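For reference, the structure is listed below as structure tokens.
The values are calculated or read from the model by the stated rules, or taken from the named source; none is laboratory data. Keep in mind that what you see is a predicted model, and the values were worked out from it rather than measured. Cβ coordinates were reconstructed from backbone atoms using ideal geometry, including for glycine residues, and neighbour counts include every protein chain displayed. Heavy atoms of the whole protein, side chains included, go into the accessibility calculation; ligands, DNA and RNA do not. Shrake-Rupley method; radii C 1.70, N 1.55, O 1.52, S 1.80 Å.
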Amino acid sequence: MTEQTLSIIKPDAVERNLEKEIKDFFIKNNLKIADSKKVKISKEEAEEFYKVHQTKPFYNDLCNYLSSGAIVVIILEGENAILKNRELMGATDPIKANDGSLRKMYGLSIDKNSVHGSDSLENATSEIKFFFK
Ligand code: CMP
């Protein structure tokens with residue numbers, strides 16, 4: 001099934017000029033960039049975006065981090081795009097991510113793990129709407 005999902009290139013990867021490499025990786029793996037823009041969000045917007053994590057101990061640091069610098073938000077489109085993007089990203093913690101995955105290649109730590117991707121159809125729809133109203 002053709003799906004759309006949201007990918008975010010996080011501040012650590014934007015700072016290291018990895019936008020083109022990461023986008024090329026998606027394209028090489030048959031995900032199309034349907035839309036993309038570079039933005040900087042406020043702490044309040046990060047809190048809203050990550051509200052599913054609001055009870056977690058890392059929530060405050062996470063929101064500070066996502067709002068600390070420019071990010072690139074991308075609508076990825078393709079066959080089973082949600083699951084495929086999650087496979088291409090690898091595990092949340094770069095140490096545990098599979099060889100060849102984005103987080104293994106570029107992630108610096110569980111916080112600075114270079115990319116975010118929607119984890120379900122419901123979240124993909126709401127996360128895309130959040131950035132592309
Ligand atoms: P992301 O896929 O963007 O979703 C939530 C983020 O919280 C996650 O990537 C990590 O960067 C960050 N995070 C920090 N600590 C943890 C943790 N212990 N478990 C899961 N995610 C964490």
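Residue count for the stretch 71-125, restricted to those that are away from the ligand (no atom under 14 Å from the Cβ), in a strand (DSSP E or B) and either open to solvent by 20 Å² or more (accessible area, probe 1.4 Å) or without any contact (Cβ under 8 Å) to a residue 24 or more places away in the chain (or both): 2.
Residues that are in contact (Cβ under 8 Å) with a residue 24 or more places away in the chain, open to solvent by 40 Å² or more (accessible area, probe 1.4 Å) and in a helix (DSSP H, G or I) within the stretch 33-51 comprise Lys43, Glu48, listed in sequence order. For the stretch 52-66, the criterion of being of a type in the set (A, V, I, L, M) and buried (at least 16 other Cβ atoms within 10 Å of the Cβ) is met by at least one residue. The listed residues are Ile110, Ile71, and the only one of them that is in contact with a strand residue (DSSP E or B) (Cβ under 9 Å, 6 or more places away or on another chain) and among the β-branched types (Val, Ile, Thr) turns out to be Ile71. Scanning the stretch 1-32 for residues that are open to solvent by 30 Å² or more (accessible area, probe 1.4 Å), touching a strand residue (DSSP E or B) at 6+ places or on another chain (Cβ under 8 Å) and of a type in the set (S, T, N, Q) gives Thr2, Gln4, Asn30.
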